[in-house]
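Please read the structure below before turning to the comments.
The values are calculated or read from the model by the stated rules, or taken from the named source; none is laboratory data. Because the structure is predicted, anything quoted here is derived from the model rather than measured. Neighbour counts run over all protein chains shown; Cβ positions are idealised from the backbone, glycine included.
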Amino acid sequence: MSIVTNKELLDRAKAGHYAVAAFNTNNLEYTQAILTAASELKSPVIIEAAKSEIDYMDGHVFVAMLTAMAEKLSIPVGIHLDHGPSYEEAIRCLNYGFRSVMYDGSALPLDENIANTKAVVKAAHACGVSVEGEVGVIGQAADGPEGKQNGMIGIADPVECERFVNESGVDCFAAAIGNAHGIYKKKPELRFDVLAEIEKRTGIPLVLHGGTGIPQEDLRKAITMGVSKINFSTVMRKGFLETLADTLKNNPGDWDLMKMLTPAKEKMIEIAKQHIIMIMSDNKA
Ligand code: 13P
């Protein structure tokens, strides 16, 4: 099956009461692991990359590689820009052939976030590409309530979310509800009261960032409240690198690159499968 838009994937997920996993990638093995896991579980999947990851791979090479891989599979695959920092970056990804882009203006005043997101929506929708926005800053877990910079995790205001959705025209958006990127130092306390109010006021598919470390019961509860895309990144990289370090330690002097990388890739497949099952998208392709 070929690449599809996030709108198609998320509308189906919301109606079917599951969420689609969006895994970041930055190389061949990582991408192969995600697609193998999703394909074996017959699950739709989104492969996303942030600007630094796109620059690392080269956007044209990434889209060509992923398109060739996806065409061989019978699952729908999304290709998405994660945390696009500017209008220009979103346009660059439209040119590469992405089918979904995120514009993250959450650190800006609301009016500016709305105006910039609306401009991205206008350009992306003209190309049939979906847009994800963000309201309320989703920080790094190290900056969270248990970290040094206590105020970094912003909680989105449902009234602002309603205005943002109505005026920007986004297809889906991420709202900060106590989640953060990276490794949580203690169990995250998601604000389900805020999430329920956001869902009531907006009604479009919601995105949960910082999926690493959120317990299954909380992920599933969020899905019942309209979350239709959940992002996972750190857990995959951690599993890959820890396994690679062990393999290198246990095979001193063996410089067969493929042999060293294979167990790390298999670990990533296992982790991706666990998370796809946690958010109930297996057998939904
Ligand atoms: P984690 O690295 O915490 O899983 O978050 C990923 C993410 O939200 C990417 O946007």
> If a residue has to be near the ligand (Cβ under 8 Å from one of its atoms) and of a type in the set (S, T, N, Q) to count, how many in the range 228-246 make the cut?
Replying inline: 3
>> When you check ILE277 against the structure, is it hydrophobic (A, V, I, L, M, F, W, C), within 17 Å of the chain's Cα centre (by Cα) and within 16 Å of the ligand (Cβ to nearest atom), yes or no?
In response: no
>> As an exercise: evaluate ALA180 against (1) surrounded by 17 or more Cβ atoms within 10 Å (Cβ to Cβ); (2) modelled with pLDDT of 95 or more and give the number of the one condition it does not meet.
In response: (2)
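If you scan the range 210-227, which residues turn out to be in contact with a helix residue (DSSP H, G or I) (Cβ under 6 Å, 6 or more places away or on another chain), more than 8 Å from the ligand (Cβ to nearest atom) and in a loop (DSSP other than H, G, I, E, B)? Spell out the reasoning first.
Filtering the range 210-227 for residues in contact with a helix residue (DSSP H, G or I) (Cβ under 6 Å, 6 or more places away or on another chain) gives 212, 216, 219, 225-226.
Checking the rest, the ones that are also more than 8 Å from the ligand (Cβ to nearest atom) come to 216, 219, 225-226.
Selection gives MET225, GLY226.
Hey, does the range 253-262 have a residue that's within 14 Å of the ligand (Cβ to nearest atom) and assigned to a helix (DSSP H, G or I)? So that I can check it myself, show each step before the final result.
Here is the first cut: in the range 253-262, the ones within 14 Å of the ligand (Cβ to nearest atom) are none.
Within the range 253-262 (the criterion being within 14 Å of the ligand (Cβ to nearest atom) and assigned to a helix (DSSP H, G or I)), the answer is no, since none of the residues qualifies.
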> Just to be sure, is VAL207 closer than 25 Å to GLN274 by Cα, within 16 Å of the ligand (Cβ to nearest atom) and touching a Cys at 6+ places or on another chain (Cβ under 7 Å)?
Replying inline: yes
